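This report refers to the structure that appears directly beneath it.
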Amino acid sequence: MINGRPYVGRFAPSPTGRLHLGSMVAAVASYLDAKVHGGRWLVRIEDLDPTREVKGVSSDILRTLESFGLGWDGPVVYQSTRHEKYREALDSLMISGLAFGCACTRKTLAKADGSRVYPGFCRSGLPKGTAPRSWRFKMPRGVSLSWHDRVVGRQSYSPDSVGDVTLLRADGHWAYHLAVVVDDADQEVTDIVRGADLISSTAAHVGIQRALGIPKPKYAHVPLVLNAEGQKLSKQTLARPVEIKDSREVLSMVFKHLSLPEDMSSHPRDMMSSAIKHWGKKWKEEDE
């Protein structure tokens, strides 16, 4: 039980490419944490953008997880089936004045001093007769976007450093920030264990959760796997996909990265069972 609620964790890959070592670290860490707490572990496919989706990858991801001994609880959820839920959330934010239409193009934003944070051009409204290209979250000012991270400790961001993140993109696709918050709430996710590259995204999620009246999950951001150049392993850096035939070797590397004893048991499921015991020694005592 977490704060009176049964533990629910999740792994939410995007089908834009096959799983690599970095994504396996996130999958294994979230799985182990759910199991050591006696909780459920869900899998959600984040297929919001069909233009980036690689045919057959969703099935390949699920097959890989199973072959590595990572069995999920309940049906797999596909974000592509949940457009109505995202629309309901956007409508709610619009009604409360916490969403606004934005007419900015990429070219316009690129000229904004190179800032990665939205400069607020359309925050106060659009000129008469101008149609919005996208919709953004009006991040409330004067609040602290904070949480205690189970790995990296206390985190706190100012609203200005996060900005008015996109909710509905100009191409008509729902944005990650809105969809992930809505889905985690609907699936009653209590704990999110994922890669450290998403720490700054968590600040935006905390703001949207507060605006929608959604309970804030616990967060744990595990260290990233880096390549020889010090870059995060990803599809963009041409990370090599993991192969089912190499499951024992891959899991051994994952365990090493997570500071767990390496295990070369005969079957991935046995390796995962052993890892759960060691994860419990490392994590569970800290939560209780």
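Taken together, the values in this text are just the output of simple stated rules run on the coordinates, not laboratory data. As the structure is a computational prediction, the values presented were derived from the model and not from experiment. Ideal geometry is used to build each Cβ from the backbone, glycine not excepted, and the neighbour counts take in all protein chains shown.
Filter the stretch 158-172 down to residues that are crowded, with 19+ Cβ neighbours inside 10 Å and either polar (S, T, N, Q) or under 18 Å from the mean Cα position of the chain (by Cα) (or both), then give me how many there are.
So the answer is 5.
For the stretch 12-22, give me each residue that is touching a residue at least 60 places away in the same chain (Cβ under 8 Å), within 21 Å of M272 (Cβ to Cβ) and crowded, with 20+ Cβ neighbours inside 10 Å.
Answer for the stretch 12-22, where residues must be touching a residue at least 60 places away in the same chain (Cβ under 8 Å), within 21 Å of M272 (Cβ to Cβ) and crowded, with 20+ Cβ neighbours inside 10 Å: A12, L19, G22.
Output the qualifying pairs, or none if there are none: Cβ atoms under 7 angstrom, residues six or more apart or on different chains, first residue in the stretch 89-102 and within 19 Å of G129 (Cα to Cα), second residue in a helix (DSSP H, G or I).
Within 7 Å, the pairs are A99/L90; A99/L93.
Which one of these is surrounded by fewer than 11 Cβ atoms within 10 Å (Cβ to Cβ), under 25 Å from the mean Cα position of the chain (by Cα) and not acidic (D, E): R154, R150, R136?
Step by step, each of R154, R150, R136 is checked, and only R154 is surrounded by fewer than 11 Cβ atoms within 10 Å (Cβ to Cβ), under 25 Å from the mean Cα position of the chain (by Cα) and not acidic (D, E).
Contact list please: Cβ distance under 8 Å, first residue in the stretch 123-138 and closer than 12 Å to L90 by Cβ, second residue of a type in the set (V, I, T), pairs at least six apart or on different chains.
Qualifying pairs under 8 Å: S134/T166; W135/T166; R136/V165; R136/T166; F137/V165; F137/T166; F137/I208.
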